[in-house]
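Following: one structure in structure tokens, then a few remarks.
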Amino acid sequence: MNCEQSQELMMKYFDGNLNDIESRQFKQHLVVCGKCNEDFKKLDSILNSLENAAIAEPPQDFEANVMEKVRAFEMEEKKKTGNMLMLLYNLTAVISVALMVAFFAGTRGITLPESLKLADIYARSLAGTISAVLSALTAVLSLVTEVAGTLFQVGFSIIIDYYYVFLTLMAILVAIQKMFFVLVEQDRGR
């Protein structure tokens, strides 16, 4: 038997999985090999000390500390969810304003940049986020107005043709906003 085989049998020995032949071969190798014998004694000593070691008891407030950390984690997750809902709400508001601007621009016979200027005037009373988005939209639209003119005309004609569909979409957006406010109020109540 070589030292590599002895190392494999050593673990089987401590697990109690050696048959009689393996046990005899292993013990004979330990007699002739000083290194394996030393390794065996060290491992035997370690395992014996582990068996005799006292089992550590957790502190009395261990469960309360763990539960407090779980509650803190859950609160952090709720904050993340609330932030995501706020982002979705803001995105919905921006999309609603953009749709309204496009619709009114088409029905009033004014150009899209003019309608964006009017929407910017009305949006000044709203949060700074919407104003910044409208300013960015104005800048972007002024760059692509000539290229996108035909596409806007097609879009306006679709909106005019599907007026009732547009109104239904607006009603759905209002319902989503109402549900968002209800969810926020319920979340604050908890």
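Each reported figure results from applying straightforward, stated rules to the coordinates on display, with no laboratory input. Fair warning: this is a prediction, and the values are worked out from it, not measured in the lab. Glycine also receives a Cβ, built like all others from the backbone with ideal geometry; neighbour counts cover every protein chain displayed.
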Next item on the list: With a Förster radius of 41 Å, plug the Cβ-Cβ distance of MET1 and VAL66 into 1/(1 + (r/R0)^6) and report the FRET value to the nearest 0.05.
Entry: 0.25
Notebook entry, point to check: Between LYS41 and GLU74, what FRET efficiency comes out of the Förster formula 1/(1 + (r/R0)^6) with R0 = 45 Å and r the beta carbon distance, rounded to 0.05?
Noted result: 0.30
Note to self: Shape verdict for segment 1-101, please, from the Cα gyration tensor: rounded (a/c under 1.5), prolate (a/b greater than b/c) or oblate.
What the structure shows: prolate
Next item on the list: Quote the FRET efficiency, to the nearest 0.05, computed for GLU114 versus VAL94 with a Förster distance R0 of 22 Å and r equal to the Cβ-Cβ distance.
Entry: 0.65
